[in-house]
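Participant: Can you keep this structure in mind? I'll have questions shortly.
A short reminder: the numbers here are calculations on the coordinates, not readings from a lab. Keep in mind it's a predicted model, so treat the numbers as computed, not measured. Using ideal geometry, Cβ is built from the backbone for each residue, glycine included, and neighbour counts are taken over all protein chains shown.
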Amino acid sequence: MDARQEKSTARLRAAILDLATAGPVTAVTVSRLAAVAGVHRSTVYTYAASPVELLEDVLRDELDALRASYLLDVAPADASAAIVGVTRAVLEHVDHYDAIYRRGLGPDSGSASLHAMLSEHFQGSIELLLDQHSVSVPVADEHERHAVSRYIADGTIGAIDVWLGRPRPRDVEAFLALVGRAAPSWWPATV
C-alpha cells in the first residue's frame, strides 16, 4: 500500500468510527462518509461496499490484532491466562467504542447488528485455540465442535451486551469473574 492509500485508509477508518459514534451507522451515507474522510465517493467503495461493512472491517481488524497478541501459540497450561487476557482486552475495546457497540448489539440494531461479526470473530478465536491444542473440549465430531464454539462465542456476546447496559465505569474484573463462574467446567476461563 502506498502512502496515499495509507492516508485514505486512515481517514476513512477515523471517519466511520466518528460517524458511528455520533449516530446509527445505518444513517451514514457513502457521500457523508466520503466528505468527512476528505476522499472521493469512489474511494469509499474501494474499501467497502457500505458504511456498515467498513465499520465492521475496522472493528474486526482491531479484534483480530487482539487475537494475534494473546492467542497465537498458547500452551495448554497458559490457556486460561490467555483467554482472560484477550477477554479483558476485548472488553476494553468494546468499552472504548461504547456507543457503537450499544447500538450494534441492541435489539434495534437491524442491518447494522454487530452480533454476527463478533460471533464470527469469537468463534475464530475459539477454533484457533482448539486447532493449536491449547484447549480441548468434550465433543464427538466437527458438528459438536462447531456447536461448542458457537455456544461459548454467543454466550460471551450476550454477557457483553448486558455488561454494556451498566453505567460507566464498568467493572471488567467483575465481568471476568462472572463469565468464569458461568463457563462450563472444561473451559479454561477463570480469573
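Participant: Could you list, bin by bin from short to long, the percent of Cα-Cα pairs of the chain in 10 Å steps?
Facilitator: 9, 33, 31, 20, 7, 0
Participant: Now a separate question. I want to verify a result. In a Gaussian network model of the chain, Cα cutoff 10 Å, which of these has the top mean-square fluctuation: S134, S80, S111?
Facilitator: Result: S111 has the largest fluctuation of those listed.
Participant: Another question, then. Across all directions of projection, what mean area in square nanometres is found for the Cα convex hull of the stretch 20-63?
Facilitator: Details: hull surface 12.1 nm².
That works out to 3.0 nm², a quarter of the Cα hull's surface.
Participant: Under a plain spin-label model, where a point goes 7 Å from the Cα along Cα-to-Cβ, how far apart in nm are M1 and R32?
Facilitator: With each label point 7 Å from Cα toward Cβ, the separation is 2.5 nm.
Participant: Of M117, M1, how do they rank once you tally other Cβ atoms within 10 Å and put the fewest first?
Facilitator: M1, M117
Participant: Report, in order of residue number, the helices in the chain meeting two criteria: a C-alpha extent of 18 Å or more along the helix axis, and a mean Kyte-Doolittle hydropathy of at least 0.5; treat each whole DSSP H run as one helix. Display every interim value, and only then the final one.
Facilitator: On the way: long enough: 3-22 (28 Å, -0.17); 51-71 (29 Å, 0.05); 79-96 (25 Å, 0.69); 115-131 (23 Å, 0.22); 142-164 (33 Å, -0.12).
Qualifying helices: 79-96.
Participant: Additional query: How would you rank D161, D95, going from fewest to most other Cβ atoms within 10 Å of each one's own Cβ? Intermediate values should be presented prior to the final figure.
Facilitator: Details: D161 19, D95 16.
So the residues, fewest neighbours to most, are D95, D161.
Participant: What is the distance, in nm, between label points placed 7 Å from the Cα along the Cα-to-Cβ direction at V172 and at Q132?
Facilitator: 2.1 nm
Participant: Just to be sure I understand: with springs between alpha-carbon atoms less than 10 Å apart, which residue in V162, V139, V36 has the highest mean-square fluctuation in the Gaussian network model of the chain?
Facilitator: In this elastic network of the chain, the residue with the biggest mean-square fluctuation among V162, V139, V36 is V139.
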